[in-house]
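What follows is a single structure, written as structure tokens, with notes after it.
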Amino acid sequence: MASVRTTGAFVAAISMSIVLFSYFLCNYRSKRKTPSPLSKNKKPRNGLIHAVGNTPLIRINSLSEATGCEILGKCEFLNPGGSVKDRVAVKIIEEALESGQLVCGGVVTEGSAGSTAISLATVAPAYGCKCHVVIPDDVAIEKSQILEALGATVERVRPVSITHRDHYVNIARRRALEANELASKIRKTEKIDGKFLEQINRCISDGEKKDSIFSSYCSGGFFADQFENLANFRAHYQGTGPEIWEQSGGSLDSFVAAAGTGGTVAGISSFLQEKNPNIKCFLIDPPGSGLFNKVTRGVMYTREEAEGKRLKNPFDTITEGIGINRLTQNFKMAKLDGAYRGTDKEAVEMSRSTHAFFFCLISI
Ligand SMILES: Cc1ncc(COP(=O)(O)O)c(C=O)c1O
């Protein structure tokens, strides 16, 4: 709690400095005659959701000069939640609301220890929804604290195999069902005696369902399912891909990205290749992931998974969230010309030499 308060104070202090800084910047700019590049896109974005996407595509000068190719990076870290996953969170929630699978006041559940959970927790309140995240209990406590500071509820569970019913992803799926059951009980009870909804909800959750995590008002649940939900692919096919095409003026030779769920590489590669089939699209895969072999040899396999070699956590790599050993519905949509393997050492060296972390690279 103390650390949450410290985080809150820190965020407040930073926000205050930004407000002050913006004030001085505005005054300063209004007196200047020559237009500054900073004066572009002055219009305020309409709410948090409209601040997602439209990230800059920037030329990486060091790499472009070293290789003689124009190399561009899409700055996904500039999304409000700090990653490309904001786009996915927005699309998943919007599609679920549109289809009626999620209603305003409902809870979006996800099993994620990383960026997707942060993005869902960031954007769900903007749609009047809540966010419940299930994570393994060996994940850094700071991750839970960030999510809680964003208003999400967090459940830390024992780490087990994905085939186990209590794997964190399976628990997240179950929580959405439980929230739906609870909401339908509330609706039924409401029909019977017409009492105030919240009162009945409390009565049901405290009495009949003592172990329920949804003890306050709950109008249903929805499991985000970022790995299999094709809203993830569509977020990139309809958003990130067209942005890259427009920002580069369509003059691209190739595109490269890593994959976790595969949504990004699949959505962008599908869009770019439809626009111009000559654009070559590649995957960069970390140690422990089977995708490199799947793309280059058609077999989902990695040495780290071989008999007798399997570690408790086969993705013992710093590239958390990248690389996978199963074929997801999202990755299946990718249109790839090839794949490369990359090591942690190369990833760190590249991030240091370019002085930035980019999510995907494009060469023109
Ligand atoms: C910051 C970041 N970028 C990229 C990815 C992977 O993208 P995708 O899941 O679309 O393959 C992840 C996965 O968690 C991530 O956290």
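General remarks:
- Where GLU142 falls short, out of the listed (1) of a type outside the set (Gly, Ala, Ser); (2) assigned to a loop (DSSP other than H, G, I, E, B); (3) modelled with pLDDT under 95: (2)
- Residues located in the range 272-314, provided they are part of a helix (DSSP H, G or I), modelled with pLDDT of 85 or more and not basic (Lys, Arg): LEU272, GLN273, GLU274, LEU291, PHE292, ASN293, VAL295, THR296
- Count of residues meeting criterion [over 18 Å from the mean Cα position of the chain (by Cα), at pLDDT below 95 and crowded, with 16+ Cβ neighbours inside 10 Å] in the range 315-340: 3
- Filter result for SER184 (among the hydroxyl-bearing types (Ser, Thr, Tyr) and surrounded by fewer than 18 Cβ atoms within 10 Å (Cβ to Cβ)): yes
- Within the range 261-277, tally of residues that are farther than 21 Å from GLN226 by Cα and in contact (Cβ under 8 Å) with a residue 24 or more places away in the chain: 4
- In the range 279-289, residue surrounded by the fewest Cβ atoms within 10 Å (Cβ to Cβ) [restricted to those that are over 14 Å from THR343 (Cα atoms) and within 24 Å of the chain's Cα centre (by Cα)]: PHE282
- Residue among GLU110, GLU155 that is of a type in the set (Asp, Glu), part of a strand (DSSP E or B) and within 19 Å of SER219 (Cα to Cα): GLU110
The values are calculated or read from the model by the stated rules, or taken from the named source; none is laboratory data. None of the values given here were measured: they were computed from a predicted structure. Positions of Cβ are backbone-derived with ideal geometry, glycine not excepted, and every protein chain shown enters the neighbour counts.
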